[in-house]
Amino acid sequence: GALAGVVEYRNVTFAYPGAESPVLSNISFTARPGQTIAIIGSTGAGKTSLLSLLPRLYDPAEGEVLLDGVPVSRMDRADITRRVALVPQRPYLFSGTIEHNLRFGKTEATDQELWEALQVAQGDEFVRAKKNGLGSRISQGGTNVSGGQRQRLCIARALVSRPRVYLFDDSFSALDVATDARLRTALKGITADATVIIVAQRISTITEADQILVLDNGRIVDRGTHQELLETSPTYQEIVES
Ligand code: M5T
Ligand code: MG
């Protein structure tokens, strides 16, 4: 359906293989199309682990992760990948042209769609400045572009795939505040009816989120809008002040 992309975590507990204690405990939340859900919390709180369960990089020990009402454990990964784009915390580029990297998994995208995605991701200028533009070569691991450029190319790649659900794991941290703000304004348009889940370090990135989940030691300790959390959550206040 047109508004597919409902994500639900239902009482999810997760431990890494071989680990004694869980890194996520009893996580429940729902993210709906048109919403932006932000996840914030100190390093090691479990933010990356939480995102990794939707594309089934791992499966929870207890509880369920559902996509449009269907447990992802019953879906095949290719089906999930068509609907969910994860921009990982350490974005990965492979050896090939910028175009190949952007079209990854979406070969039918037009050049114009690639440029639009780059524009939203604030990456069009540096690609245009390269002698071979979209045909410029990226070395294995993307070592010949900067960390911020790599991040923007990976954001653009996610946009090119036109998923129903976007997962951004700390994707805006390498950008300066002004670029971050421009990117998010542009992103709002293109992701308006998609479901967006953003892990962020910087408060300014998430003040407009529909709901912020405060993660501490694998648990959601507080949730609400920025304004609500400022008034009710000591953990959130600490993060804001840090
Ligand atoms: C949460 C452990 C990690 C930490 C906890 C990714 C990963 C993490 N962990 C593993 O044992 N194996 C793994 O592959 O899980 O880690 P996280 O989810 O990465 O935390 P975060 O994303 O909130 O932290 P950060 O630093 O990105 O803000 O005990 O050792
Ligand atoms: Mg992380």
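The values are calculated or read from the model by the stated rules, or taken from the named source; none is laboratory data. Everything numeric here is computed off the predicted structure, so don't read it as measured data. Here the Cβ positions follow ideal geometry from the backbone for every residue, glycine too, while neighbour counts run over all protein chains shown.
How many residues, within the range 153-183, are of a type outside the set (Gly, Ala, Ser) and within 15 Å of Phe104 (Cβ to Cβ)?
8
Of the residues in the range 1-23, how many are within 8 Å of ligand 1 (Cβ to nearest atom) and modelled with pLDDT of 95 or more?
Of the residues in the range 1-23, the ones within 8 Å of ligand 1 (Cβ to nearest atom) are 16, 19, 23.
Of the ones still in play, those that are also modelled with pLDDT of 95 or more are 16, 23.
Going through the range 1-23 one residue at a time, the tally reaches 2.
Between Asp170, Asp210, Asp216, which is crowded, with 21+ Cβ neighbours inside 10 Å, modelled with pLDDT of 90 or more and within 23 Å of Leu54 (Cα to Cα)?
From the options Asp170, Asp210, Asp216, the qualifying one is Asp170.
Residues checked against (1) buried (at least 20 other Cβ atoms within 10 Å of the Cβ); (2) over 19 Å from the mean Cα position of the chain (by Cα); (3) of a type outside the set (Asp, Glu):
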residue: Leu51; (1), (2), (3): yes, no, yes
residue: Leu54; (1), (2), (3): yes, no, yes
residue: Glu62; (1), (2), (3): no, yes, no
residue: Asp68; (1), (2), (3): no, no, no
residue: Ser73; (1), (2), (3): no, yes, yes
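Residues in the range 49-69 that are touching a strand residue (DSSP E or B) at 6+ places or on another chain (Cβ under 7 Å) and either more than 9 Å from ligand 1 (Cβ to nearest atom) or farther than 10 Å from Thr13 by Cα (or both): how many?
Within the range 49-69, residues that are touching a strand residue (DSSP E or B) at 6+ places or on another chain (Cβ under 7 Å) and either more than 9 Å from ligand 1 (Cβ to nearest atom) or farther than 10 Å from Thr13 by Cα (or both) number 14.
Residue-by-condition table, conditions (1) free of Cβ contacts under 8 Å to residues at least 24 places away in the same chain; (2) within 25 Å of Glu238 (Cβ to Cβ):
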residue: Pro22; (1), (2): no, yes
residue: Ser28; (1), (2): no, yes
residue: Arg32; (1), (2): no, no
residue: Ile40; (1), (2): no, yes
residue: Thr48; (1), (2): no, yes
residue: Glu62; (1), (2): no, no
residue: Ser73; (1), (2): yes, no
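Looking at the range 137-173, which of its residues are over 14 Å from the mean Cα position of the chain (by Cα) and not in a helix (DSSP H, G or I)?
Result: Arg137, Ile138, Ser139, Thr143, Asn144, Val145, Ser146.
Looking at the range 177-187, can you tell me whether even one residue there is in a loop (DSSP other than H, G, I, E, B), without any contact (Cβ under 8 Å) to a residue 12 or more places away in the chain and of a type in the set (Val, Ile, Thr)?
Checked the range 177-187: no residue is in a loop (DSSP other than H, G, I, E, B), without any contact (Cβ under 8 Å) to a residue 12 or more places away in the chain and of a type in the set (Val, Ile, Thr).
Quick check on my filter: what residues within the range 36-49 are among the β-branched types (Val, Ile, Thr), modelled with pLDDT of 95 or more and surrounded by fewer than 23 Cβ atoms within 10 Å (Cβ to Cβ)?
Once the filter is applied, which keeps residues that are among the β-branched types (Val, Ile, Thr), modelled with pLDDT of 95 or more and surrounded by fewer than 23 Cβ atoms within 10 Å (Cβ to Cβ), the range 36-49 yields Thr36, Ile37, Thr48.
Yes/no matrix, rows are residues, columns are (1) modelled with pLDDT of 95 or more; (2) over 24 Å from Thr179 (Cα atoms); (3) assigned to a helix (DSSP H, G or I):
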| residue | (1), (2), (3) |
| --- | --- |
| Gly105 | no, yes, no |
| Trp115 | yes, no, yes |
| Leu118 | yes, no, yes |
| Phe126 | no, no, yes |
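Test each condition in (1) touching a strand residue (DSSP E or B) at 6+ places or on another chain (Cβ under 9 Å); (2) at pLDDT below 95; (3) closer than 16 Å to Pro163 by Cα; (4) not basic (Lys, Arg) for Val84 and report the one that comes out false.
(2)
For the range 4-53, which residues satisfy the criterion of being within 16 Å of ligand 2 (Cβ to nearest atom), in contact with a helix residue (DSSP H, G or I) (Cβ under 9 Å, 6 or more places away or on another chain) and part of a loop (DSSP other than H, G, I, E, B)?
The answer is Tyr16, Val23, Gly41, Ser42, Leu53.
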